[in-house]
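Q: Dumping the structure here so I can ask a few things about it.
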Amino acid sequence: MGAFTDRVRDRWATAPGWQRWTVYVLLFIGALLLPSESIGHFMSPYSDWASVLFFPVGTYIVLAIGLNIVVGQAGLLDLGFVAFFAIGGYSMALLGTRLGLNFWEILIAGVILSAISGVVLGGPTLRLRGDYLAIVTLGFGEIVRQTAENTDAIGGPRGIAGIPHPPSIDGVVIFGVDIFHYGVLDPRPYYYLLVVVATLIIIFVKRWEKSRVGRAWAAIREDEDAAEVMGVPTFKFKLLAFAIGASIGGAMGVVWAGKTISINPNDFLFMLSATILAAVVLGGSGNIPGVILGAFLVAWLPERFRGLSEYRIMVFGAALVALMIFRPEGLLPSRRRKAELAEGTGGMGAMGAEVPDPQAHAEPEGAAK
Amino acid sequence: MFDNLLGSFWPYTIDGLILGAIYGLVALGYTMVYGVLRLINFAHSEIFMIGTMASAFVVMVMGVTKPLTGLALVGGLLLLVLAGGAASAGSAMLLERIAYRPLRKRGASRLAALISAIGASLFLQELFALVIIPYVFNRPQQGRNQMGVARIMEKDTLFSIGGAQVRVDQVIIFVAALGMMVLLDLLVNRTKIGRGIRATSQDPETAVLMGVDIDKIVRVTFLIGGLMAGVAGALFVLQFEVTKFSIGFLLGIKAFTAAVLGGIGNLRGALLGGLFLGLIENYGAAIFGSGWKDVIAFSVLVLVLMFRPTGILGESLQQARA
């Protein structure tokens, strides 16, 4: 399998522009055709396939792409990503029900609000060591949820109901689907909206990855001290990664709340953060096709095998351990990331108490300080 | 706003100290593993949960119907603590063997180890919710509910401070936590194995050159950390008389907060951080209402990391005197 993906990648790397664009357009069309009844029966025997495609599948994919910027690109471990999803969701709920703003206005507001909260959280904490950051973000996720639960002005534990849908434009019917009609019955328009949002996000993220910003993130991920010495303003770029990741999470929160009518604090549990992180790592952090694959599997498998649903989290936990033991780079890693992992680091440095094998050229943590 | 706190200052203080002692014991496990492996043992909260379960199991097997007295009580308490400690220590070592050692041997990144820890944590929680509570405790369909534990001792008032009544069990918990702490401190500072632990946390490569068996040190570290968490679990059951499959999650994060507060890697700091966090949480709950308890604890964590990232006593399993 490795040899095959290598050949595909070599071919892709030298493919002329028109070929790549053809593939992109085909993928986009494929995504639009996905909620078809013909595969729905197989893909999702227990619930409506188009709904499943919106949540959890599409939602997880967008969240994983956002978290991938923080974890995969910049190498910062964020265990509270759900907080930004929650901030987006609550923006939609509050601004929609209280101020009566429409979906598009709130989308912009939600993105700005969650980016600000990313900066507010990152500002004081991004100077910390990697694993302290993990715990602080975990704490932040819980703070946001419990604050929502304890504040009666925003619904307390009952949350907020009656969230408006995005404004509809009726009458644009393609293949029998009223594609801009955001009602209660048909989930497909929401799914198309999600595909468009996700496509825009992927384009942005890809452009960033190849720019100076992306190279700075890679440098920070590989060796923060060296990057700083080479003149990369590491703090600034880490903060940027945090803010961009947060705004993607917030955007998804707005889109999700626009379909779901009512939200409450229990929609934003730590489990969701852990699941999204697992999706990123499972697919191959740092590599967008990998991350999409990982998120798809993490979202879809439990829906497909709902019959075994009781045991799914248990299996999921065991699978995470097994994956880290046998294939820590994920299913579809980026080549660069794979090389970093083979060197023994890859984000946060190696564990302590490390007696390097002659085969594994690992640096103990102490040597990096 | 402050009336509530000032009006019953002593009861809040005592509750805070008791909770803090439990946080401190659990924090020791985090701090030791972090000191030696530079790893946040995320599944440590589940090790604590296993301790509470083992104690609950012992109470169930003993078939306690009314509180014990005299020698039976002493035996019962010892059995409780032993069961909790043994179950937790055993599962901590098993956890190390299965989820961490293969990664360590291959020189995997700390991110990978943390993901593995999260996976192990989910697995253990679900194992208890789906298998052990329904079948071993014979509570089918109730795996996710809170589980009451019979009271094994009469909770008489021993003495009172400023209007607050201090009960026997509270004194036992506090003394037991301090005792465990002193023993651990002696172990790490006075024995050969303790010297090995300190050497490994200072510089693993040199420690190996000096003849320290790293695998053994890591095993012992997990054993001690698990033991402490298990004793904490037993004391928790004694005090609160409940347990649950997810009981470790919040308590674990707070214990880690306590470890960071005291200075991670610092054993005395862990207990101090635990007591400090227990007090702040209770005072905060008195002022703002008990719903804000956890928010206060996490805000304290964020503030401490901002202004004094090395904790109250500094990070020093490494710097402890040889």
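The values are calculated or read from the model by the stated rules, or taken from the named source; none is laboratory data. Model, not experiment: these values are computed from the prediction. Positions of Cβ are backbone-derived with ideal geometry, glycine not excepted, and every protein chain shown enters the neighbour counts.
Q: Collect the residues in the range A:149-169 that are surrounded by 16 or more Cβ atoms within 10 Å (Cβ to Cβ), farther than 22 Å from A:Pro56 by Cα and of a type outside the set (A, V, I, L, M, F, W, C), keeping them in residue-number order.
A: Scanning the range A:149-169 gives A:Glu149, A:Asn150, A:Gly155.
Q: Also, quick follow-up: Keeping to the range B:209-261, report how many residues are free of Cβ contacts under 8 Å to residues at least 12 places away in the same chain and either closer than 25 Å to B:Tyr135 by Cα or not in a helix (DSSP H, G or I) (or both).
A: 3
Q: Then there is this: Pick from the range A:216-242 the residues that are part of a helix (DSSP H, G or I) and among the small types (Gly, Ala, Ser): which of them is nearest to A:Asn287 (Cα to Cα)?
A: Applying the filter and picking the extreme gives A:Ala218.
Q: Give the residue, chosen from A:Gly40, A:Gly100, A:Gly72, A:Gly30, that is among the small types (Gly, Ala, Ser) and buried (at least 22 other Cβ atoms within 10 Å of the Cβ).
A: Exactly one of A:Gly40, A:Gly100, A:Gly72, A:Gly30 is among the small types (Gly, Ala, Ser) and buried (at least 22 other Cβ atoms within 10 Å of the Cβ), namely A:Gly72.
Q: Right, B:Lys105: assigned to a loop (DSSP other than H, G, I, E, B), over 30 Å from A:Leu308 (Cβ atoms) and either without any contact (Cβ under 8 Å) to a residue 12 or more places away in the chain or in contact with a Pro (Cβ under 7 Å, 6 or more places away or on another chain) (or both) or not?
A: The answer is no for B:Lys105.
Q: Confirm whether A:Val213 is out of contact with any helix residue (DSSP H, G or I) (no Cβ under 7 Å at 6 or more places or on another chain), closer than 26 Å to A:Gly290 by Cα and in a helix (DSSP H, G or I).
A: no
Q: I would also like to ask the following. A:Ala134 passes all but one of (1) facing chain B (nearest Cβ under 9 Å); (2) modelled with pLDDT of 85 or more; (3) under 23 Å from the mean Cα position of the chain (by Cα); which number fails?
A: A:Ala134 satisfies all of (1) facing chain B (nearest Cβ under 9 Å); (2) modelled with pLDDT of 85 or more; (3) under 23 Å from the mean Cα position of the chain (by Cα) except (2).
This table checks each residue for (1) surrounded by fewer than 24 Cβ atoms within 10 Å (Cβ to Cβ); (2) closer than 18 Å to A:Ile112 by Cα; (3) of a type outside the set (A, V, I, L, M, F, W, C); (4) within 14 Å of the chain's Cα centre (by Cα).
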residue	(1), (2), (3), (4)
A:Ala50	yes, no, no, no
A:Phe84	no, yes, no, yes
A:Tyr90	no, yes, yes, no
A:Ala93	no, yes, no, no
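Q: Report, by residue number, each residue of the range B:80-94 that is in contact (Cβ under 8 Å) with a residue 12 or more places away in the chain, hydrophobic (A, V, I, L, M, F, W, C) and more than 16 Å from B:Gln239 (Cα to Cα).
A: Within the range B:80-94, B:Ala83, B:Ala86, B:Ala87, B:Ala89, B:Ala92, B:Met93 qualify.
Q: Shifting gears a bit: Take the residues of the range B:296-317 that are within 7 Å of chain A (Cβ to nearest Cβ) and within 20 Å of the chain's Cα centre (by Cα): which is nearest to A:Asp131 (Cα to Cα)?
A: If we take residues in the range B:296-317 being within 7 Å of chain A (Cβ to nearest Cβ) and within 20 Å of the chain's Cα centre (by Cα), then B:Leu301 is nearest to A:Asp131 (Cα to Cα).
Q: Something else now. Within the range B:149-165, is even one residue at pLDDT 90 or above and either within 14 Å of chain A (Cβ to nearest Cβ) or out of contact with any Asp or Glu (no Cβ under 8 Å at 6 or more places or on another chain) (or both)?
A: no
Q: When you look at A:Ala299, is it in contact (Cβ under 8 Å) with a residue 24 or more places away in the chain, touching a helix residue (DSSP H, G or I) at 6+ places or on another chain (Cβ under 6 Å), surrounded by 14 or more Cβ atoms within 10 Å (Cβ to Cβ) and assigned to a helix (DSSP H, G or I), yes or no?
A: Yes: the conditions hold for A:Ala299.
Q: For the condition assigned to a loop (DSSP other than H, G, I, E, B), within 26 Å of A:Gly156 (Cβ to Cβ) and among the hydrophobic types (A, V, I, L, M, F, W, C), what is the one hit in A:Leu79, A:Leu94?
A: Going through A:Leu79, A:Leu94 in turn, just one is assigned to a loop (DSSP other than H, G, I, E, B), within 26 Å of A:Gly156 (Cβ to Cβ) and among the hydrophobic types (A, V, I, L, M, F, W, C): A:Leu79.
Q: Being buried (at least 18 other Cβ atoms within 10 Å of the Cβ), under 20 Å from A:Leu94 (Cα atoms) and either in contact with a Pro (Cβ under 9 Å, 6 or more places away or on another chain) or β-branched (Val, Ile, Thr) (or both) narrows it down to one of A:Ile135, A:Ile143, so name that one.
A: After ruling out the rest, the residue left standing is A:Ile143.
Q: Hey, another quick one. How many residues does the range B:155-173 contain that are outside any strand (DSSP E or B), in contact (Cβ under 8 Å) with a residue 60 or more places away in the chain and exposed (fewer than 14 other Cβ atoms within 10 Å of the Cβ)?
A: Here the count works out to 2.
Q: Please give the number of the condition B:Arg195 fails out of (1) modelled with pLDDT under 90; (2) in a helix (DSSP H, G or I); (3) more than 28 Å from B:Ser55 (Cβ to Cβ); (4) not aliphatic (A, V, I, L, M).
A: With (1) modelled with pLDDT under 90; (2) in a helix (DSSP H, G or I); (3) more than 28 Å from B:Ser55 (Cβ to Cβ); (4) not aliphatic (A, V, I, L, M) applied to B:Arg195, the lone miss is (1).
Q: Give the residue, chosen from B:Leu227, B:Leu209, that is surrounded by 24 or more Cβ atoms within 10 Å (Cβ to Cβ) and either within 10 Å of another protein chain (Cβ to nearest Cβ) or among the hydrophobic types (A, V, I, L, M, F, W, C) (or both).
A: B:Leu227
Q: Within the range B:268-280, can one find any residue that is surrounded by fewer than 24 Cβ atoms within 10 Å (Cβ to Cβ), over 12 Å from the mean Cα position of the chain (by Cα) and β-branched (Val, Ile, Thr)?
A: yes
Q: Tell me, please, whether a residue that is among the β-branched types (Val, Ile, Thr), in contact (Cβ under 8 Å) with a residue 60 or more places away in the chain, surrounded by fewer than 24 Cβ atoms within 10 Å (Cβ to Cβ) and over 18 Å from B:Ala177 (Cβ atoms) can be found in the range B:53-61.
A: For the range B:53-61, residues among the β-branched types (Val, Ile, Thr), in contact (Cβ under 8 Å) with a residue 60 or more places away in the chain, surrounded by fewer than 24 Cβ atoms within 10 Å (Cβ to Cβ) and over 18 Å from B:Ala177 (Cβ atoms): present.
Q: In this structure, does A:Ala350 turn out to be surrounded by fewer than 17 Cβ atoms within 10 Å (Cβ to Cβ), at the interface with chain B (Cβ under 7 Å from one of its Cβ atoms) and either more than 17 Å from B:Leu103 (Cβ to Cβ) or at pLDDT below 70 (or both)?
A: The answer is no for A:Ala350.
Q: Please state which of the following conditions B:Gln142 fails to meet, knowing it meets all the rest: (1) within 20 Å of the chain's Cα centre (by Cα); (2) more than 13 Å from chain A (Cβ to nearest Cβ); (3) surrounded by 13 or more Cβ atoms within 10 Å (Cβ to Cβ).
A: So the condition that B:Gln142 fails would be (1).
Q: If you don't mind, there's one more thing I want to ask. Restricting the range A:258-296 to residues that are under 22 Å from B:Ala120 (Cβ atoms) and in a loop (DSSP other than H, G, I, E, B), which is nearest to the other protein chains (Cβ to nearest Cβ)?
A: Taking the candidates together, the pick is A:Ser285.
Q: Restricting attention to the range B:76-105, which residues are within 12 Å of another protein chain (Cβ to nearest Cβ), buried (at least 20 other Cβ atoms within 10 Å of the Cβ) and either more than 21 Å from B:Gln125 (Cα to Cα) or not hydroxyl-bearing (Ser, Thr, Tyr) (or both)?
A: B:Leu95, B:Glu96, B:Ala99, B:Leu103, B:Arg104
Q: Moving to a separate point now. So, in the range A:170-207, how many residues would count as being of a type in the set (Val, Ile, Thr), surrounded by 12 or more Cβ atoms within 10 Å (Cβ to Cβ) and not in a helix (DSSP H, G or I)?
A: 3
Q: Can you tell me which residues in the range B:50-73 are in a helix (DSSP H, G or I) and either at pLDDT below 90 or on the phi > 0 side of the Ramachandran plot (or both)?
A: B:Met62, B:Gly70, B:Leu71, B:Ala72, B:Leu73
Q: Next question, about the same structure. For the range A:303-335, what are the residues that are under 30 Å from A:Gly214 (Cβ atoms), part of a helix (DSSP H, G or I) and more than 14 Å from every other protein chain (Cβ to nearest Cβ)?
A: Correct list: A:Arg335 only.
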